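> Here it is, the structure, as structure tokens.
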Amino acid sequence: MSSLQVPRGTFDVLPADAERRGVLEAQAKRILGAAGYGRIETPTFEATELFVRTVGEATDIVQKEMYTFDDGGGRSLTLRPEITAPVCRAYLEHGMHKLPQPVKLWYMSSNFRAEAPQRGRYRQFWQVGAEAIGSAAPEVDAELIVLLAQLLEALGAREMRLRLSSLGTAATRAEYREELAAYLRAHEDGLSPEVVARIDLNPMRAFDAGDRRTQETMRAAPLLLDRLADDDADHFARVRELLDDAGLRYVLDPRLVRGLDYYARTVFEFNSDALGAQSGVGGGGRYDGLIEQLGGAPTPGCGWAAGVERMLMAAGEVPVAPDVVDVFVAVAGGDAARTAFELANEARRAGMSAQMELAGRSLKGQLRHADRLGARYVAIIHDPMQANLKNMESGEQIDLQPAAVIPAILRGSRL
Ligand code: HAM
């Protein structure tokens with residue numbers, strides 16, 4: 001093995017994996033396409049400022065996980081750690097506010113976060129995501145959540161749980177932050193040093209702390225969900241009603257913390273108990289202030305992203321259609337390769353899947369290889385004028401000219 005290996009936290013996608021990812025992509029396209037979402041692709045890197053402003057200066061992502069570099073011309077660029085901000089940037093840049101609203105977009109692309117790698121947590125990972133920009137209707141939130149649930153169901157994701165909460169608006173949150181910070185300061189003895197150090201920076205993260213003592217202390221902490229303004233509470237009640245109508249089960253989790261700052265109102269997360277510590281399969285919420293933060297007019301938005309690797313882990317076996325090889329072209333004579341090459345090309349032009357011998361095997365070895373590939377027919381080329389066509393299922397074989405091979409296959413298996 002070469003001493004050069006993939007960078008820590010990254011992986012190669014080999015053909016069998018690529019098949020499973022292809023199945024996932026096809027399901028996402030089917031489910032999101034049917035609800036009016038169009039595919040979008042944004043650049044792999046963006047101006048660093050885009051993420052700092054939206055994801056938030058105090059978040060782990062911005063503080064320690066971004067791959068940031070200078071482009072050589074004094075501009076700071078960052079490999080995207082997430083795709084919601086880039087999609088909002090694209091919405092503004094292309095004047096999508098002039099289109100009928102909401103604008104519905106979906107993506108399947110890679111992200112980069114310099115996290116400590118572990119099972120289900122990578123430094124380059126893929127997300128399928130959906131964003132609906134330009135409508136504040138609670139039906140948008142509910143539609144998005146139902147669509148993610150449908151995708152997970154279509155993939156056969158196991159042991160899924162949906163958690164749901166509302167963060168209210170930025171103003172409500174600012175007031176609540178003060179209240180929570182005061183509570184934390186009054187209970188510093190019962191908190192881990194890391195939480196105490198972050199009281200001013202990000203008090204909400206205290207709910208997320210792993211250590212037992214902090215968790216105990218947080219049990220009696222005031223909850224944002226109890227402090228929502230009337231219209232935010234109404235919005236949330238309507239979202240819940242719609243999810244109930246859709247028969248979607250969820251738990252209300254007032255302690256649900258998302259690792260990004262742009263959320264307002266609804267937030268949600270799907271977790272799978274079939275995964276280990278990294279159980280978050282997909283999550284999202286409303287980000288009504290984000291477009292404005294980027295310099296646009298106040299524009300509501302809502303969306304989610306789900307990790308491709310985690311969805312596949314939660315799904316276990318994803319049924320993949322077996323590869324079909326219609327014809328394997330075997331090379332049985334000195335000047336047969338050229339004819340075989342032409343025949344394989346012609347077969348593919350006729351819509352068949354075709355492979356030819358490329359490894360110099362003996363004829364016996366070639367037949368064994370064709371069998372391994374599951375080829376339906378083997379065309380054995382002896383020279384430009386002479387060939388045999390063998391039906392691998394029935395074992396029947398006929399002599400014919402190479403030019404007659406494809407018509408014979410197309411006529412069917414009456415060999
Ligand atoms: P997020 O919760 O940071 O949200 O990421 C969404 C999903 O991406 C996670 O639930 C997880 O499945 C996957 N993921 C995150 N980090 C990693 C990692 N290091 N390795 C493997 N998978 C990972 C967002 O990114 C938001 N942009 C979601 C959103 C869209 N909110 C509104 N619209």
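> Aspartates and glutamates near Lys64 by alpha-carbon distance under 19 Å, same-chain residues fewer than 8 away left out - which ones?
Lys64 reaches Glu46, Glu49, Glu82, Glu115, Glu194, Asp200, Asp208, Asp261.
> If you take the square roots of the eigenvalues of the alpha-carbon gyration tensor of region 211-315 and sort them as a ≥ b ≥ c, do you get rounded (a/c under 1.5), prolate (a/b over b/c) or oblate?
Verdict is rounded for region 211-315.
> Can you tell me how much longer the chain between Ala321 and Asn345 gets when fully stretched, taken as 0.36 nm per residue apart minus their C-alpha distance, in nm with one decimal?
Result for the pair: 6.3 nm of gain on full extension.
> Pull up the cross-link candidates among the lysines for Lys104, meaning alpha carbon to alpha carbon under 30 Å and not fewer than 8 places away within one chain.
Lys29
> What value, in deg cm²/dmol to 500, does the helix sum -39500 (n - 2.57) over DSSP H runs of n ≥ 4 give at 222 nm once divided by the residues of the chain?
-10000 deg cm²/dmol
> Gln5 to Asp189: FRET efficiency via 1/(1 + (r/R0)^6), r the Cβ-Cβ distance, R0 45 Å, to the nearest 0.05?
Efficiency at R0 = 45 Å is approximately 0.45.
> In addition: Return the whole-Å distance between the Cα centroid of region 95-128 and the Cα centroid of region 180-200.
Each part's Cα centre sits 33 Å from the other's.
> On a full-extension model of 0.36 nm per residue, what is the gain between Gln397 and Ala174, subtracting their alpha-carbon distance, rounded to one decimal in nm?
72.3 nm
> With a point put 7 Å past each Cα toward its Cβ, work out how far Val251 is from Ala297 in nm, to one decimal.
If labels sit at Val251 and Ala297, their model points lie 4.3 nm apart.
> Sort His382, His235, His94 from largest to smallest accessible area, using a 1.4 Å probe on the heavy atoms of the protein chains.
His94, His382, His235
> Would you mind pulling out the separation of the Cα centroids of region 29-65 and region 297-369, in Å?
Comparing the Cα centres of region 29-65 and region 297-369, I get a distance of 33 Å.
> Then there's this: Name the longest site-free stretch of the chain, where the excluded sites are trypsin sites (Lys or Arg not before Pro) in a DSSP loop with no more than 15 other beta-carbon atoms within 10 Å.
The reported range is 250-360.
> Provide the gained length on full extension for the span Val13 to Lys29, in nm with one decimal, where the gain is 0.36 nm per separating residue minus the Cα-Cα distance.
Value of the extension gain: 3.7 nm.
> Using alpha-carbon positions, what is the distance between the centroids of region 212-262 and region 74-88, in Å?
A separation of 29 Å, based on Cα centres.
> Now a separate question. For the residue pair His94 and Ala237, what label-to-label distance in nm results when each label sits 7 Å from Cα along the Cα-to-beta-carbon direction?
Result for the modelled spin labels: 3.9 nm.
> What accessible surface, in Å², does a 1.4 Å probe find on Ile199, ignoring ligands, DNA and RNA and rounding to the nearest 10?
Ile199 has an accessible surface of roughly 10 Å² with all protein chains in place.
> With a ≥ b ≥ c taken as the square roots of the eigenvalues of the C-alpha gyration tensor of region 364-415, please select rounded if a/c is under 1.5 and otherwise prolate if a/b is larger than b/c or oblate if it is not?
Taking the square roots of the gyration eigenvalues as a ≥ b ≥ c, region 364-415 is oblate.
> Here's another thing I want to ask about it. Classify region 79-153 as rounded, prolate or oblate from the Cα gyration tensor: take a ≥ b ≥ c as the square roots of its eigenvalues, call it rounded if a/c is under 1.5, otherwise prolate when a/b beats b/c and oblate if not.
oblate
> Whole-Hz Karplus ³J(HN,Hα) for region 291-297, in order, using 6.51 cos²θ - 1.76 cosθ + 1.60 and θ = phi - 60°, x for Gly and Pro?
4, 5, 4, 8, x, x, 5
> Taking the full set of protein chains and a 1.4 angstrom probe, give the accessible area of Thr44 in square angstrom, rounded to the nearest 10.
For Thr44, solvent-accessible area is about 60 Å².
The values are calculated or read from the model by the stated rules, or taken from the named source; none is laboratory data. The model shown is predicted, which means the values in this text are computed figures rather than measured ones. With ideal geometry, Cβ positions are generated from the backbone for all residues, glycine too; neighbour counts draw on all protein chains shown. The protein model used for the area step is the full one, side chains on, heavy atoms only, and it has no ligands, DNA or RNA in it. Shrake-Rupley method; radii C 1.70, N 1.55, O 1.52, S 1.80 Å.
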